[in-house]
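Peer 1: Got a structure here, written out as structure tokens. Questions coming.
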2 protein chains.
Amino acid sequence: MTSMSDTPVIEDTTIYTREILPVFTHAESTILSIIRKNQGASKVDLIRMTDYSRSKITGCINSLIEGGFIHTNGLSGNTGGRRSVIYTLHGNKGLVFGADIGATSIDLMITDLRGKRLARYEEPGLVKHGPRKILSRICVLFDRLMEENNLSERPVLAFGIGVPGPVDFKRGLVVSPPIMPGWDQFPIIPFINDHLPDTFVVVDNDVNIMALGESVQGIGIDKQNIIFVKIGTGIGAGIICEGKVYHGTAGCAGDIGHICVDNEEGPFCPCGNRGCLEVLAGGEAIARHAAEAVKNGTSEILKKYYDQRGGEIRAEDIGSAAREGDPVSIKIIRESGKVIGEVMAGLVNFYNPGMIVIGGGVSNLGNILLSSIHQAILKRSLPLATKDLPVVFSLLKEDAGVIGAINLALDVYLSMERVY
Amino acid sequence: MTSMSDTPVIEDTTIYTREILPVFTHAESTILSIIRKNQGASKVDLIRMTDYSRSKITGCINSLIEGGFIHTNGLSGNTGGRRSVIYTLHGNKGLVFGADIGATSIDLMITDLRGKRLARYEEPGLVKHGPRKILSRICVLFDRLMEENNLSERPVLAFGIGVPGPVDFKRGLVVSPPIMPGWDQFPIIPFINDHLPDTFVVVDNDVNIMALGESVQGIGIDKQNIIFVKIGTGIGAGIICEGKVYHGTAGCAGDIGHICVDNEEGPFCPCGNRGCLEVLAGGEAIARHAAEAVKNGTSEILKKYYDQRGGEIRAEDIGSAAREGDPVSIKIIRESGKVIGEVMAGLVNFYNPGMIVIGGGVSNLGNILLSSIHQAILKRSLPLATKDLPVVFSLLKEDAGVIGAINLALDVYLSMERVY
């Protein structure tokens, strides 16, 4: 006999963390979920929505209050009868950590159980320095952040971590990452638990947590199905399906950077194929096209940036040059947007999302990029799929990842049920 | 305050059918779902899985028995203590109808509430004759099937219908279908309810219900995420996400036939673009290539079929010719499989499914087609996404649609909750 499909199953992660999970009953986790989604609920609401008896609800509420997870937070509006007590998640129960590890940056945030921001910090950090150095640094930074914000006394309940590579979500492991030397199969969760033994830890891909961040607190807040496209050096997507991160069967859904665009004449990609989306339209491709323009002498403005950097050019320079009106840079950005949009058009036909969100470093190239992507999607997708399809930039920007990491940690932590 | 996300919301359909829905409480529908998924459950199972009290469970069970939805069906195994009573769905409660309307065929099935097959019928039928003619015919056929099988006394609880065109699932309407003259926005549900006033009706796209059929009773039974590709005259996909049909935001997910393969030199498609997958690799394209081979005199064997049909050639002839060893036909099939596989490779990178199922008329071209599709996917998808990815033919064949239609109807019918 199998368990109910709606019960979250985090199989192998529990090897590391079973002992530090709250052991909610099914009723308790249902109640927590309702209270969290609705930012508060009365007993009458809870009875109505769950179909549990008043005494059952009362029992669960008392147990959750005793555990410090919820508290009464005032009275609901007077709707003719008695005012009823509203239960909300408890802001003082404990802390939630979120870390977004980028290729060259570390973004950290601390919130309470309600997701309310208590501290935020970022600094440069090279993921290629390996997991021990980066994760130790993150632990040190969080200790300092707690101290500076007088939070050191409070327990850290859950910790969500995003990394710039493929993740086996169920096991919390990075798997064969292209740009993360030393991270392959590294036991991130036990490493963190050495420092924070009572903290529940989840690990996910950085684009997935960005997508979740935009979905719960960003521009996609009223959308159920979202494709978040991160355009940096590489290109990847995070998929929100019915409000949740969709990981795919092996945990690698959204890896769109190697979708084939030009099998015949496209440039070779480190993956071994030719004409991949990433190698044709990612940040490196944009910089490569710009370097060619400098070499061919077709753009004075790009030449200026090239010389300023001492013989190098970056994607952001093309953005600056385009804003100065450089037609070559505008053309490079348009071409990149068109290629990305053509791939997205296919994915729109397949997935029929309610929104496409563009983020990542290269998205700073601005509206020329966005409108080229949008145009290509409109041209090659079905009208029914595009007539209400916003194609927009990330709203949360650098915060998308950490906010997503925190929400992912909360999602899993608050819905973990007693294992029977 | 919004309702819980796991509660199914069938908004506008309820306009037509609210009065004939069973008004299950949340607890009752939860219990029904557990009993259905596990093909039976004891009170102890139900208490353990739902966290409802024994008296609550007893109350719900009594009410469901009284309604005729469940009954006791024997005792569970002796596990040391007392044997416990097992509750199962009631085979005699009423009937479920499934209809799969194809472009040129009508497939019908009757089952009981447990999905047990009681009758099956198929006949040719041209969808282009319009909804009144086709739907009336289906009603007549079902009446006859009931009579022939001594089922006329039993109420028809739910009716799932699949149609070969885009469907607005929430409203139960066909929307701008390319091959279904007269069906656009036709009120299918009220039309059926005129004949079967007490029956709950759902309508979905034919590929979606095929995908569901394979997922619940076919080759995908142990897979959570499936892409079902129907290759006929057109090409479309049905998406199973975490065990359920994924419809997309506007209800048109899976419409992969117009994904662009060759924007520059591909043939024009009736959709207005050029180089769509369908126009390059669908049944018509295969027949077109074969007709060219006949014209160019490159295939004696194809010429034979062409002459036999009096100057016409169909996709199935190319299959026969390939089986006879005709190299031209083998090449045409391989080329079609390669194009389909290249598009699927991109979708595999994006969606990371646990299985790809190939169905539809052209799939009869056999293993040459399947292996070409598989090869192209392996070549252009990420190793992590393909290492455990079966690419297989439909197991249920002509039954996939009706079985899916019945399961969809049951899914929705048994999970409808009282509207508060």
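The values are calculated or read from the model by the stated rules, or taken from the named source; none is laboratory data. Just so it is clear, the model here is predicted, and its values are computed rather than measured. Don't worry about glycine lacking a Cβ; one is built from the backbone with ideal geometry, like all the others, and counts go over all protein chains shown.
Peer 1: Can you find, within region B:292-317, the residue that is surrounded by the most Cβ atoms within 10 Å (Cβ to Cβ) among those that are in a helix (DSSP H, G or I), of a type outside the set (Phe, Trp, Tyr) and under 34 Å from the mean Cα position of the chain (by Cα)?
Peer 2: Filtering region B:292-317 for residues that are in a helix (DSSP H, G or I), of a type outside the set (Phe, Trp, Tyr) and under 34 Å from the mean Cα position of the chain (by Cα), the one surrounded by the most Cβ atoms within 10 Å (Cβ to Cβ) comes out as B:Leu302.
Peer 1: Would region B:335-346 turn up any residue that is outside any helix (DSSP H, G or I) and in contact (Cβ under 8 Å) with a residue 24 or more places away in the chain?
Peer 2: No; the residues of region B:335-346 include none that is outside any helix (DSSP H, G or I) and in contact (Cβ under 8 Å) with a residue 24 or more places away in the chain.
Peer 1: Which residue is surrounded by the most Cβ atoms within 10 Å (Cβ to Cβ), if the candidates are limited to region B:34-65 and must be among the hydroxyl-bearing types (Ser, Thr, Tyr) and modelled with pLDDT of 90 or more?
Peer 2: Checking each candidate, the answer is B:Ser42.
Peer 1: May I pose another question? Of all residues in region A:242-291, how many are outside any loop (DSSP other than H, G, I, E, B), in contact (Cβ under 8 Å) with a residue 24 or more places away in the chain and aliphatic (A, V, I, L, M)?
Peer 2: Summing the residues that are outside any loop (DSSP other than H, G, I, E, B), in contact (Cβ under 8 Å) with a residue 24 or more places away in the chain and aliphatic (A, V, I, L, M) in region A:242-291 gives 9.
Peer 1: Tell me the residue from B:Asp194, B:Asp198 that is out of contact with any Ser or Thr (no Cβ under 9 Å at 6 or more places or on another chain), away from chain A (no Cβ under 14 Å), part of a loop (DSSP other than H, G, I, E, B) and not hydrophobic (A, V, I, L, M, F, W, C), please.
Peer 2: B:Asp198
Peer 1: Then there is this: Name every residue in region B:179-195 that is closer than 30 Å to B:Leu113 by Cα, of a type in the set (A, V, I, L, M) and without any contact (Cβ under 8 Å) to a residue 60 or more places away in the chain, in order of residue number.
Peer 2: Selection gives B:Ile188, B:Ile192.
Peer 1: In region B:251-267, which residue that is more than 15 Å from A:Ala376 (Cβ to Cβ), facing another protein chain (nearest Cβ under 7 Å) and at pLDDT 90 or above is surrounded by the most Cβ atoms within 10 Å (Cβ to Cβ)?
Peer 2: Filtering region B:251-267 for residues that are more than 15 Å from A:Ala376 (Cβ to Cβ), facing another protein chain (nearest Cβ under 7 Å) and at pLDDT 90 or above, the one surrounded by the most Cβ atoms within 10 Å (Cβ to Cβ) comes out as B:Gly254.
Peer 1: Kindly provide the set of residues from region A:229-247 that are under 18 Å from A:Ser176 (Cβ atoms), surrounded by fewer than 23 Cβ atoms within 10 Å (Cβ to Cβ) and within 11 Å of chain B (Cβ to nearest Cβ), ordered by number.
Peer 2: A:His247, the sole residue that qualifies.
Peer 1: Also, I was wondering about something else. Only one of A:Ser415, A:Ser363 is within 14 Å of another protein chain (Cβ to nearest Cβ), surrounded by fewer than 24 Cβ atoms within 10 Å (Cβ to Cβ), modelled with pLDDT under 95 and more than 21 Å from B:Asn263 (Cβ to Cβ); which?
Peer 2: Sole residue among the options that is within 14 Å of another protein chain (Cβ to nearest Cβ), surrounded by fewer than 24 Cβ atoms within 10 Å (Cβ to Cβ), modelled with pLDDT under 95 and more than 21 Å from B:Asn263 (Cβ to Cβ): A:Ser415.
Peer 1: Within region B:346-356, can one find any residue that is surrounded by fewer than 21 Cβ atoms within 10 Å (Cβ to Cβ), more than 14 Å from every other protein chain (Cβ to nearest Cβ) and touching a Ser or Thr at 6+ places or on another chain (Cβ under 9 Å)?
Peer 2: No, region B:346-356 contains no residue that is surrounded by fewer than 21 Cβ atoms within 10 Å (Cβ to Cβ), more than 14 Å from every other protein chain (Cβ to nearest Cβ) and touching a Ser or Thr at 6+ places or on another chain (Cβ under 9 Å).
Peer 1: For region B:366-382, how many residues are surrounded by fewer than 24 Cβ atoms within 10 Å (Cβ to Cβ) and within 8 Å of chain A (Cβ to nearest Cβ)?
Peer 2: Number of matching residues: 2.
Peer 1: Tally up the residues in region B:378-420 that are hydrophobic (A, V, I, L, M, F, W, C) and part of a helix (DSSP H, G or I), please.
Peer 2: 13
Peer 1: Same structure again: Looking at B:Ser29, B:Ser63, which is the one that is within 11 Å of chain A (Cβ to nearest Cβ) and either assigned to a helix (DSSP H, G or I) or more than 30 Å from B:Pro166 (Cβ to Cβ) (or both)?
Peer 2: Of B:Ser29, B:Ser63, the one residue that is within 11 Å of chain A (Cβ to nearest Cβ) and either assigned to a helix (DSSP H, G or I) or more than 30 Å from B:Pro166 (Cβ to Cβ) (or both) is B:Ser29.
Peer 1: Then there's this: Quickly run through region A:166-178 and pick out the residues that are buried (at least 20 other Cβ atoms within 10 Å of the Cβ) and without any contact (Cβ under 8 Å) to a residue 60 or more places away in the chain.
Peer 2: Those that are buried (at least 20 other Cβ atoms within 10 Å of the Cβ) and without any contact (Cβ under 8 Å) to a residue 60 or more places away in the chain: A:Leu173, A:Val174.
Peer 1: Every residue in region B:85-109 that is of a type outside the set (Gly, Ala, Ser) and either within 17 Å of B:Lys397 (Cα to Cα) or within 16 Å of the chain's Cα centre (by Cα) (or both), please.
Peer 2: Passing the criteria: B:Val96, B:Phe97, B:Asp100, B:Ile101, B:Thr104, B:Ile106, B:Asp107, B:Leu108, B:Met109.
Peer 1: Filter region A:49-59 down to residues that are within 15 Å of B:Ala27 (Cβ to Cβ), facing another protein chain (nearest Cβ under 10 Å) and touching a helix residue (DSSP H, G or I) at 6+ places or on another chain (Cβ under 9 Å), then give me how many there are.
Peer 2: Residues in region A:49-59 being within 15 Å of B:Ala27 (Cβ to Cβ), facing another protein chain (nearest Cβ under 10 Å) and touching a helix residue (DSSP H, G or I) at 6+ places or on another chain (Cβ under 9 Å): 6 in total.
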